[in-house]
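Remarks on the structure that follows.
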Amino acid sequence: MADFKSNIKKYRRLKELTQEQLAEKVGVRRETIMRLEAEKYNPSLRLAVDISRVLETPIEELFVFD
């Protein structure tokens with residue numbers, strides 16, 4: 001169903017952040033982070049950039065598109 005692989009959970013845990021904390025830092029609801037981690041939601045470019053900055057990880061590491 002998803003056309004991408006999400007590595008957000010891995011990098012979020014390395015930063016010792018909860019889904020709620022990451023969501024707050026990027027201005028979305030926790031459910032959005034949950035759906036991204038479950039590969040059920042395609043992020044906007046803006047959101048992908050914001051997550052990348054917070055997690056200090058390149059977008060290409062966070063999201064692998066087919």
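The values are calculated or read from the model by the stated rules, or taken from the named source; none is laboratory data. For clarity, every value in this text was computed on a predicted model and none was experimentally measured. Cβ placement follows ideal geometry from the backbone for every residue including glycine, while neighbour counts extend to all protein chains displayed. When the accessible area is computed, the model is the full protein with side chains, heavy atoms only, and any ligands, DNA or RNA have been set aside. Shrake-Rupley method; radii C 1.70, N 1.55, O 1.52, S 1.80 Å.
Side notes on the structure shown:
- Other residues within the sphere of radius under 10 Å centred on the Cβ of residue 29, judged by their own Cβ, net out at -1 (K and R +1, D and E -1).
- For the chain, the set of GluC sites (Glu not before Pro) satisfying both a DSSP loop assignment and a count of at most 15 other C-beta atoms within 10 Å is given as 16, 39, 56.
- For q = 0.19 Å⁻¹, Debye-computed log10 I/I(0) when each Cα of the chain counts as one equal scatterer: -0.61
- A Cβ-based charge dipole, computed about the Cα centre of the chain with Lys and Arg at +1 and Asp and Glu at -1, lands at about 180 debye.
- Dipole orientation for the chain: of the candidates 42, 19, 59, 19 has the Cα lying most toward the positive pole (charges on Cβ; Lys, Arg +1; Asp, Glu -1).
- Per-residue Karplus couplings for the stretch 29-44, computed as 6.51 cos²θ - 1.76 cosθ + 1.60 with θ equal to phi - 60°, are listed in order as 7, 4, 4, 5, 5, 4, 5, 5, 5, 7, 6, 10, 8, 8, x, 5 Hz, Gly and Pro entered as x.
- Apportionment of accessible area to carbon and sulfur, the chain, percent (1.4 Å): 48
- Length added when fully stretched, residue 66-residue 53, from 0.36 nm per residue minus Cα-Cα: 2.4 nm
- Counting only lysines at least 8 places from residue 15 when in the same chain, those with an alpha carbon closer than 18 Å to its own are 25.
- Calculated FRET efficiency for the pair residue 40/residue 15, C-beta based, R₀ 25 Å, to 0.05: 0.70
- Relative contact order (%) - the chain, alpha-carbon pairs under 8 angstrom, separation at least six: 47
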